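Chemist: For reference, the structure I am asking about is given below.
The values are calculated or read from the model by the stated rules, or taken from the named source; none is laboratory data. Here the structure is a predicted model, which is why all the values come from computation and not from measurement. Don't worry about glycine lacking a Cβ; one is built from the backbone with ideal geometry, like all the others, and counts go over all protein chains shown.
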Amino acid sequence: MPLWHFEAVSGYFRDMPKVLFIEPPPTRNWSADSKISKAGRRHPCLNETGEQTYSYQNLSSAAVLRDNGFEVEYFHCPVQRLDCAATGAAIEAASPYAIVIMKEHINAGAADEVSAAAKKAGAFVIWVGPFVTALHETEIARECVDFILRKEWDYAVLELLHALMENAPLADIKGLTWKNEKGEVTINPARPDIEDLDKLPIPAYNLLDLSKFYESVFVSFPAATMITSRGCPFLCIYCSYPQTIYSHKYRAMSPERVVKEIKYLVNDLGVREIRIDDDTFDIDNRRVIDICKLLVREKVDFTFSVQCRPKLFTDEEAHWLKKAGCRMVLFGIESGNQEVLDKIKKNTTKDELRRGVRIAKSHGLDVLNCVMLGFFWDTPETVEETIDFAFELNAEFTQVSVPTPLPGTEYYTVLEENHCFLSHDWESHDSVHHSSVELPHLSNAVLNEYLGSFYRRYYRRPGYLWMMFRRMFRSWGNFSQSMRKAGVLVTK
């Protein structure tokens, strides 16, 4: 295997080319004065709350390229207010050797248009991510793409670019789906998981202006999102990343590597809050506690939030999270009906969900519960049961969505085999605003009505309002966040 696959060889080529990583506009017809942005990672969606997210994996791949001497730029079209036409002009002006796009279902049309512009400008077009990993055999047929890298692409982009520059055989690149000069499609063998995450460079955060990125869960700015582990051993049928790019094999950075990256964000880039966006942060409770103890010992001054599994959450873990500066825990509740929880392979009980929320609250941690309305097995009665369960748990924040049937997931197969899709236009599957499926026991109209009314029902309850009134005076961050939330709520 070539040496450069593992070690930096900056300067190996005399004139290293430019590579653009591009986050496309949210939709094909998006304009620079639009209030719409893209939010979410596992289940991308459109929103009007001003949220702006970036691809951690793209920044990781960009860092690998930069460490190997490539000139790298990052176009985040929504933040830079670049519509499809403006993005095309910017690509032409930059004259890159290649572009890399993490194509997602919600921005599929925009990604196609931007890719076509890049092809016109003479650049190689590389697509990455869960969406194209699942659909690589059909997506590669599009004229606007040259290569699809399946699964993780941190090192794969570097390997592909070197092969192209050296005119080396592409058949040796694992995880590559590609078209030869005759237009014939070749599917190379699968790419193995990255085993040692500690060897990855710190992602190229400084390619972005982090002050321009916002998520409603944040209270302190500038803020950032990072990922410290990959691969979730649980088998939830709707979750895309473990079923497409990460696998169910759990791999994690060491506590020392995690704290090194946090210290870079806080001390070098001035970040004040971090969201640790692992699929499940606390698969290894001891690792979580060790990370927290290191943060306490190093006196890192910041706040953070984590995504955990209530079933695994412990008092000791909550104690150390709070002591290290954690202020909020995200829990995937999903349903309040035990039969539905079993059908989606959540591998938990309602009592375990209650217990996790109770532990977090007892240690002064805010809770953000994520619930989904409209699984294949749902009825109006089970949806009401889920809503009642959300009320009972009374988290400081509860996020509602429809379980998006993402390609490559077991849940997508369930809906496809049962002819539930009202549309196969990917951009119509916006998990927050509306559903594009018709379920056996829950009509599309009724499901969308539940989606439209949930936040009013949840956030206007007297018990909730009193809890949040007391919370908002604990800190200025809490106060300003509550005011932002109130502003959004009155429009819903």
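Chemist: Among (1) closer than 27 Å to Lys119 by Cβ; (2) assigned to a loop (DSSP other than H, G, I, E, B); (3) touching a residue at least 40 places away in the same chain (Cβ under 8 Å); (4) not aliphatic (A, V, I, L, M), there is one condition Lys249 misses while meeting the rest; what is its number?
Modeler: For Lys249, the failing item is (1).
Chemist: Within the range 291-317, track down each residue that is farther than 23 Å from Ala223 by Cα and part of a helix (DSSP H, G or I).
Modeler: Let us first name the residues in the range 291-317 that are farther than 23 Å from Ala223 by Cα, namely 309-317.
Matches in the range 291-317: Asp315, Glu316, Glu317.
Chemist: When you check Glu71 against the structure, is it surrounded by fewer than 23 Cβ atoms within 10 Å (Cβ to Cβ), within 30 Å of Ser435 (Cβ to Cβ), more than 22 Å from the chain's Cα centre (by Cα) and at pLDDT 95 or above, yes or no?
Modeler: no
One line per residue, one yes/no per condition, for (1) at pLDDT 75 or above; (2) closer than 28 Å to Leu200 by Cα; (3) touching a Lys or Arg at 6+ places or on another chain (Cβ under 7 Å):
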{"residue": "Trp4", "(1), (2), (3)": "no, yes, no"}
{"residue": "Ser10", "(1), (2), (3)": "no, yes, no"}
{"residue": "Pro25", "(1), (2), (3)": "yes, no, no"}
{"residue": "Arg28", "(1), (2), (3)": "yes, no, no"}
{"residue": "Lys35", "(1), (2), (3)": "yes, no, no"}
{"residue": "Arg42", "(1), (2), (3)": "yes, yes, no"}
{"residue": "Gln52", "(1), (2), (3)": "yes, yes, yes"}
{"residue": "Ser55", "(1), (2), (3)": "yes, yes, no"}
{"residue": "Asn58", "(1), (2), (3)": "yes, yes, no"}
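Chemist: Still on this structure: Condition first: touching a residue at least 12 places away in the same chain (Cβ under 8 Å), within 22 Å of Cys239 (Cβ to Cβ) and among the acidic types (Asp, Glu). Now tell me which residues in the range 324-368 satisfy that.
Modeler: Once the filter is applied, which keeps residues that are touching a residue at least 12 places away in the same chain (Cβ under 8 Å), within 22 Å of Cys239 (Cβ to Cβ) and among the acidic types (Asp, Glu), the range 324-368 yields Glu334, Glu339, Glu352.
Chemist: Please count how many residues of the range 170-201 are closer than 21 Å to Gly122 by Cα and over 26 Å from the mean Cα position of the chain (by Cα).
Modeler: Count: 8.
Chemist: If you check every pair at least six apart or on different chains, which have Cβ atoms under 6 Å apart with a residue in the range 196-216 that is over 16 Å from Asp67 (Cα atoms) first and a residue that is not in a loop (DSSP other than H, G, I, E, B) and not basic (Lys, Arg) second?
Modeler: Leu210/Ala224; Lys212/Val79; Phe213/Gln52; Tyr214/Gln52
Chemist: When you go through Glu137, Glu104 one by one, which is the residue that is acidic (Asp, Glu) and more than 24 Å from Val64 (Cβ to Cβ)?
Modeler: Working: Glu104 fails: more than 24 Å from Val64 (Cβ to Cβ).
Selected residue: Glu137, the only one of Glu137, Glu104 that is acidic (Asp, Glu) and more than 24 Å from Val64 (Cβ to Cβ).
Chemist: Can you tell me which residues in the range 380-406 are part of a loop (DSSP other than H, G, I, E, B) and surrounded by fewer than 22 Cβ atoms within 10 Å (Cβ to Cβ)? Explain how you work it out, then say what you get.
Modeler: Here is the first cut: in the range 380-406, the residues part of a loop (DSSP other than H, G, I, E, B) are 394-396, 402-406.
Across the range 380-406, the qualifying residues are Asn394, Glu396.
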